[in-house]
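The values are calculated or read from the model by the stated rules, or taken from the named source; none is laboratory data. Because the structure is predicted, anything quoted here is derived from the model rather than measured. Glycine gets a Cβ as well: all are built from the backbone with ideal geometry, and neighbour counts include every protein chain shown. Accessible surface areas use protein heavy atoms only, side chains included; no ligands, DNA or RNA. Shrake-Rupley method; radii C 1.70, N 1.55, O 1.52, S 1.80 Å.
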Amino acid sequence: DTINKKYFEEAKKLLPDENYIGFSITQGNKYRKKSWPLKKFINTARQISKKNKKPVFFIEKNNTELINKIKDEISNAIFPELESNLFGPPFITALSTRLEKAISIDNGIMHMIGLANIPMIVLFGPTSSKKFSPKIKNIDILDSKLIYNTNDISKINEEDVLNLI
C-alpha cells in the first residue's frame with residue numbers, strides 16, 4: 001500500500017499478460033556459496049517455457065554478461081529492468097505482483113518478491129531456511145541440508161523445482 005502507483009503502472013506495462021514465472025538467480029553476498037548453477041536455472045526456464053509460461057529474470061542492468069548468456073539460451077526470457085528507468089525495491093516488488101510464481105535463491109530480491117505475497121519456491125544451501133525464508137503462506141522451501149544432507153545448493157536438481165510448479 002505504501003509503494004507509489006507509478007511502479008505498479010510500469011510493472012503492468014512491462015508484464016501485461018499472465019503466466020509469468022520470476023527468477024532471481026544472483027547472490028549479493030559473495031562469501032557464501034548460495035547460488036544455484038546457471039545451467040539449472042536455464043534448464044528450468046526452458047521447461048516452464050514448454051508449458052506456455054514466460055520466464056522473467058530479475059537481474060541488474062549492469063550484469064550484461066549474465067543477461068546475454070541467458071538471452072542466448074532462452075529466446076523468450078524477459079528482463080523487465082532493461083526496459084525501464086525505474087529500479088530498486090519498490091519496483092521489484094511491483095513487478096513481482098505480476099508473477100504467477102517466483103523461483104529464487106536466498107538473496108535480497110527474494111525478500112522483495114516475498115513482499116508481493118505471491119507463491120514462491122526458494123532454494124537454500126549454506127544459509128538457514130528457517131531463519132531467512134519469507135514468512136508468507138504460499139512458499140515451498142528446497143533446502144539442500146534437509147533434502148540431501150549437504151550445504152551444497154547445487155545438489156538440488158531441476159526436477160525438485162519443476163515438481164513444485
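Summary of computed values
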{"quantity": "Distant alpha-carbon pairs in region 59-133 (separation over 21 angstrom), percent", "calculated": "33 percent"}
{"quantity": "Convex hull volume per residue in cubic angstrom - Cα atoms of region 1-146", "calculated": "115 Å³"}
{"quantity": "Among 61, 50, 13, residue whose mean-square fluctuation peaks in a GNM of the chain (springs only between Cα atoms under 10 Å)", "calculated": "50"}
{"quantity": "Relative contact order of region 91-146, pairs being alpha-carbon contacts under 8 Å that are 6 or more residues apart, as %", "calculated": "33 percent"}
{"quantity": "The chain - percent relative contact order, Cα under 8 Å, separation 6 or more", "calculated": "26 percent"}
{"quantity": "Other-chain or far-sequence residues with amide H under 5 Å of residue 139's (modelled H)", "calculated": "120"}
{"quantity": "Segment residue 132-residue 150, extension gain: residue separation times 0.36 nm, minus the distance between their alpha carbons", "calculated": "4.7 nm"}
{"quantity": "Spacing of the two label points (7 Å from each Cα toward its C-beta) at residue 51 and residue 83, in nm", "calculated": "2.3 nm"}
{"quantity": "Sites matching trypsin sites (Lys or Arg not before Pro) across region 86-165 that sit in DSSP coil, with at most 10 neighbouring C-beta atoms within 10 Å", "calculated": "135, 137"}
{"quantity": "Solvent exposure of region 109-165 as accessible area per residue, Å², 1.4 Å probe", "calculated": "52 Å²"}
{"quantity": "Probe 1.4 Å, all protein chains present, accessible-area order of 127, 2, 97, 150, largest first", "calculated": "2, 97, 150, 127"}
{"quantity": "Computed [θ] at 222 nm, helices only, for the chain once each DSSP H run of length n ≥ 4 contributes -39500 (n - 2.57)", "calculated": "-10000 deg cm²/dmol"}
{"quantity": "Among 44, 87, 8 the positive-end extreme of the charge dipole of region 1-109 (Cβ point charges)", "calculated": "44"}
{"quantity": "Within the accessible area of the chain (1.4 Å probe), percent carbon and sulfur", "calculated": "48 percent"}
